[in-house]
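The values are calculated or read from the model by the stated rules, or taken from the named source; none is laboratory data. Small disclaimer: the values here were computed from a predicted structure and weren't measured. Backbone-built Cβ (ideal geometry, glycine too); neighbour counts: all protein chains shown. Accessible surface areas use protein heavy atoms only, side chains included; no ligands, DNA or RNA. Shrake-Rupley method; radii C 1.70, N 1.55, O 1.52, S 1.80 Å.
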Amino acid sequence: MHLKTLTLTNFKNYDLQTLAFSERLNCLTGRNGMGKTNVLDAIYYLCMCKSHFGINDRLVMQRGADFFRLEGDFVREEKKEKIVAKVIPRKRKEIERNGVVYKRLIDHIGLLPVVMAAPDDTVIAREGSEERRRFLDNTLSQSDPIYLRHLVAYNRLLSQRNALLKQFHAERRFDENLLQIFDEQMQEPAAFIVKARQQFLENFEPILKENYAAISEDQEGIACVYNSKLLTENFADLLHDAREKDRVLQRTTIGIHKDDLAFKIDAHALKVFASQGQLKSFILALKLAQYEFLRQHKGIAPLLLLDDIFDKLDRGRVRSLINLILEKNYGQTFITDTDENRLQDILSAAGSDFKIFSVDEGTVDG
Amino acid sequence: MTANVPRPPFFPYFCGMNFSSKLIENAVESFAALPGIGRRTALRLVLHLVNQDADKTKDLTESLQKMRSGIRACEVCHNLSDERVCSVCADMRRDRGTICVVENIRDVMAIEETQQYRGLYHVLGGVINPIEGIGPDKLNAQTLMQRAAKDEVKEIIMAISPTIEGDTTIFYLTKNLKDFDVRVSTIARGVSFGGELEYADELTLGRSIVARVPYRAGE
C-alpha cells in the first residue's frame, strides 16, 4: 500500500500544496516550525479521520480559513483509493472514499493502516494509563473493525452510566434497577474488548521483544503485561460490588476503562528504571512492533510516519536506524528531519529509492 | 483556490435585509423561525401571501390555529389525536392483541405508511438517555405497563432505533414486562433489501448471519 499524491488545502500552515511521493522512502527536511510534521499529520488524518495530536479540527484548519480539505490518492492491493477529507466548522465532517461519503467515520478506520512515531510518544511510558489504553485501542481498532464498534458502544454506555450516577446524586435518589440495565448492557462489549486485548498482548509481546533487541545495543530483557481486573473476576460482580463507591463518587470506578499495560525492563518498571536512551529505544520498538503486528494481521504493509525520531541521535545511530528501516522492508515510509545533508548522505550511500522534500514556511519543494 | 477570494456581495446584503414595512418584516421573522426555512424562503412565502387574496391567508392562519388548539395526545397510545382517543386506537377492526412501541409520532406515520401492520401503537416520546437528562420517568413507560396488564394484549413489538440508547430502552421495558403474560419481540435488524452484502457493515452482517431466518420457497 502507498500514497501517490497528497493535496492539502488550508491545512495548518499550508494554503494549497500538492506532493507526489516515492513508493518507498520520503524525507521531509527543513527548519523547525516550517510544516514538516503537518504533512505527516495530514497523511495520518486521511487514514484515521483525525489529527494524531488529538487536537480539535478547528485548530487543524489554517488560521482565518473557513474550511480545510485533504485529498490523497492511495494504492491499496493494486486498487486506487481516493480519500478526501472535508471539514467545515459547524458542519458534519465528511470523509469520502472514491467519491462516496462514509455514513460513519468508523467504517473508514483500518482501511489504510498507519503507524506514527513522534517525539512526544514517551508519554505512553511516562504518563497515566490513559495513554497506554490509547495505544492499545489505536492498534486494535485498525486491526479489527468489530473491536472499534464495541469500544464505541462501551464508551457510550459508560458516559450514560456516569450521567445517570450524577443525576441520582443531584436528585438525591438511587434507582438500582435502572443502573443494572447499564451494567448488563456493558457486559458484551467489555467481554469482547478484554479478550481482544489479552489475545493482542500474546501476539504482540514477542514482536516487541524482537524489535527492542534489534534497536537497542543493550541486552536488557523487556516485558509487556496486560493488567485488567476483568481477567480474573466477573465484570457483573465487580460492578455490583463497586455500586456504593460509584454512587458516592458519581462515576463508574471499574471496567475496561481502567485497564493498563505494565512495561518492564529487567523485571523493573520501565517508567522508574529506564534511562532516557532506553526509554527512547523502547518507545521506538513499541511503534515498530505495532507496525509489524498490523502488517501481519492485515496482510498489507501500513504507512510508517517517523516524526523527528533522529533528534539527539548521533550520525552512527541514525545510519543504523535507516538501514534497519530499509533492510526490514517496511512499506512506504515518511521521515522528517532538520538536517538535510545528513539524510542525503546516508540515503545516497544506501542506494535505495527515496525522495527528499525541502519544507519552508508552508511550501514544499521536491 | 485560496481563502483570500472575496465573498460574493449578496451575502451581507441578505443578512441585513431592509424592509419598507414593519408588518412584512415581522411575518418574515415568524416564518424564518421555523425549521428548514431561511430568511430568503421566508420572504418568498410572505410575498406570495401578499400577492394572493386576503382570504387565503385567513384560511391558512385559521387552520393552523384550529390545529394547534385542537390537537392533543391520545389517552391510550400518546399518538397525536383530534379526540380523546386517536383514530388508530378507536378502530375496532385493528388487532388489539398487538402493541407496537415506537419512539415518536413520526415512527407511527412511517409504519402506517408501509401498510404492513394492523395492530395498535404506543408512543414512548423518546428513549432513555441520562446524558440528555431523560430517564424512564420522562417517557410514557408506565402507561405501557398498564396496557400490557390487560388480557387481550398478547404481543409487544419494540420498534425502536437500533442505537445504544434504543437498546437500553428495550432492555428496560422488557425487564419490566417480564411479569406480564406477553410476548416481547423486536423488529428484525439486518442487511437492507436492495443492499449489497459487500457494503453492509461487519456488525450488521455478523448479526444477520447469527439471526438468520429459514427460507421458504414459493410462499
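Give the stretch B:196-215 a look and list any residue that's open to solvent by 40 Å² or more (accessible area, probe 1.4 Å) and within 12 Å of chain A (Cβ to nearest Cβ), or say none.
The initial filter retains those residues of the stretch B:196-215 that are open to solvent by 40 Å² or more (accessible area, probe 1.4 Å), namely B:196-199, B:202-205, B:207, B:209-215.
Within the stretch B:196-215, B:199, B:202, B:203, B:204, B:205, B:207 qualify.
For the condition more than 14 Å from chain B (Cβ to nearest Cβ), over 20 Å from the mean Cα position of the chain (by Cα) and open to solvent by less than 50 Å² (accessible area, probe 1.4 Å), residue A:215 qualifies. Residue count for the stretch A:62-88 satisfying the condition of being within 14 Å of another protein chain (Cβ to nearest Cβ), within 25 Å of residue A:332 (Cβ to Cβ) and open to solvent by 50 Å² or more (accessible area, probe 1.4 Å): 3. Listed by position, the helices (runs of 4 or more DSSP H) enclosed by the stretch A:145-246 that each have at least 2 residues that are small (Gly, Ala, Ser) and more than 30 Å from residue A:316 (Cβ to Cβ) are A:145-171, A:176-215.
Here residue B:92 clears all of (1) without any contact (Cβ under 8 Å) to a residue 12 or more places away in the chain; (2) within 21 Å of residue B:181 (Cβ to Cβ) except the condition numbered (2).
So that you can scan it fast, the table gives a plain yes or no per residue for (1) at pLDDT 90 or above; (2) assigned by TED's automatic domain parsing to the domain that holds residue A:46:
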site: A:108; (1), (2): yes, yes
site: A:119; (1), (2): no, no
site: A:130; (1), (2): yes, no
site: A:151; (1), (2): yes, no
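Just so you know, in the stretch A:256-278 the residues that are more than 16 Å from residue A:213 (Cβ to Cβ) and at pLDDT below 90 include one that is most open to solvent (accessible area, probe 1.4 Å), and it is A:276. Residue pairs whose Cβ atoms lie under 7 Å apart, sitting 6 or more positions apart in sequence or on different chains, and linking a residue in the stretch A:41-61 that is open to solvent by 70 Å² or more (accessible area, probe 1.4 Å) to a partner that is at pLDDT below 90 and not charged (D, E, K, R), are A:58/A:89.
Filtered by the rule that a residue be of a type in the set (S, T, N, Q) and either open to solvent by 40 Å² or more (accessible area, probe 1.4 Å) or touching a Leu at 6+ places or on another chain (Cβ under 6 Å) (or both), the stretch B:162-192 gives B:163, B:174, B:176, B:186, B:192.
Select, from A:286, A:306, the only residue that is open to solvent by less than 20 Å² (accessible area, probe 1.4 Å), assigned by TED's automatic domain parsing to the domain that holds residue A:174 and at pLDDT 85 or above.
Numbers: A:306 fails: assigned by TED's automatic domain parsing to the domain that holds residue A:174.
One residue alone meets the criteria, A:286.
Can you name the residue in the stretch A:179-211 that is without any contact (Cβ under 8 Å) to a residue 12 or more places away in the chain and of a type outside the set (Asp, Glu) and is also farthest from the other protein chains (Cβ to nearest Cβ) among such residues?
Of the residues in the stretch A:179-211, the ones without any contact (Cβ under 8 Å) to a residue 12 or more places away in the chain are A:180-181, A:195, A:199, A:202, A:206.
Applying the additional criterion that residues be of a type outside the set (Asp, Glu) yields A:180-181, A:195, A:199, A:206.
Values: A:180: 8, A:181: 5, A:195: 16, A:199: 18, A:206: 28 Å.
Taking the candidates together, the pick is A:206.
Here the condition is being open to solvent by 30 Å² or more (accessible area, probe 1.4 Å), within 14 Å of chain B (Cβ to nearest Cβ) and not in a helix (DSSP H, G or I); of A:103, A:91, it holds for A:103 alone. When you go through B:141, B:159, B:148 one by one, which is the residue that is surrounded by 15 or more Cβ atoms within 10 Å (Cβ to Cβ), within 16 Å of residue A:178 (Cα to Cα) and either aliphatic (A, V, I, L, M) or away from chain A (no Cβ under 14 Å) (or both)? One residue alone meets the criteria, B:141. Residues of the stretch A:137-178 that are open to solvent by less than 20 Å² (accessible area, probe 1.4 Å), more than 23 Å from the chain's Cα centre (by Cα) and either more than 10 Å from every other protein chain (Cβ to nearest Cβ) or of a type in the set (Phe, Trp, Tyr) (or both): A:168 alone. Screening the candidates B:179, B:167 for the property of being under 30 Å from residue A:171 (Cβ atoms), within 14 Å of another protein chain (Cβ to nearest Cβ), charged (D, E, K, R) and within 22 Å of the chain's Cα centre (by Cα) yields one hit, B:167. Contact map, the stretch A:332-347: first residue more than 21 Å from residue A:42 (Cβ to Cβ), second residue charged (D, E, K, R), Cβ cut-off under 6 Å, separation 6 or more or different chains; pairs are A:346/A:319. Residues in the stretch A:235-283 that are within 26 Å of the chain's Cα centre (by Cα), more than 30 Å from residue A:217 (Cβ to Cβ) and small (Gly, Ala, Ser): A:255 alone.
Give the stretch B:200-219 a look and list any residue that's under 30 Å from residue A:141 (Cβ atoms), over 27 Å from the mean Cα position of the chain (by Cα) and modelled with pLDDT under 80, or say none. Selection gives B:202 alone. Within the stretch A:290-316, being touching a helix residue (DSSP H, G or I) at 6+ places or on another chain (Cβ under 9 Å) and of a type in the set (Lys, Arg) holds for A:298, A:312, A:315.
When residues in the stretch B:49-63 are screened for being surrounded by 10 or more Cβ atoms within 10 Å (Cβ to Cβ) and without any contact (Cβ under 8 Å) to a residue 12 or more places away in the chain, 9 of them pass.
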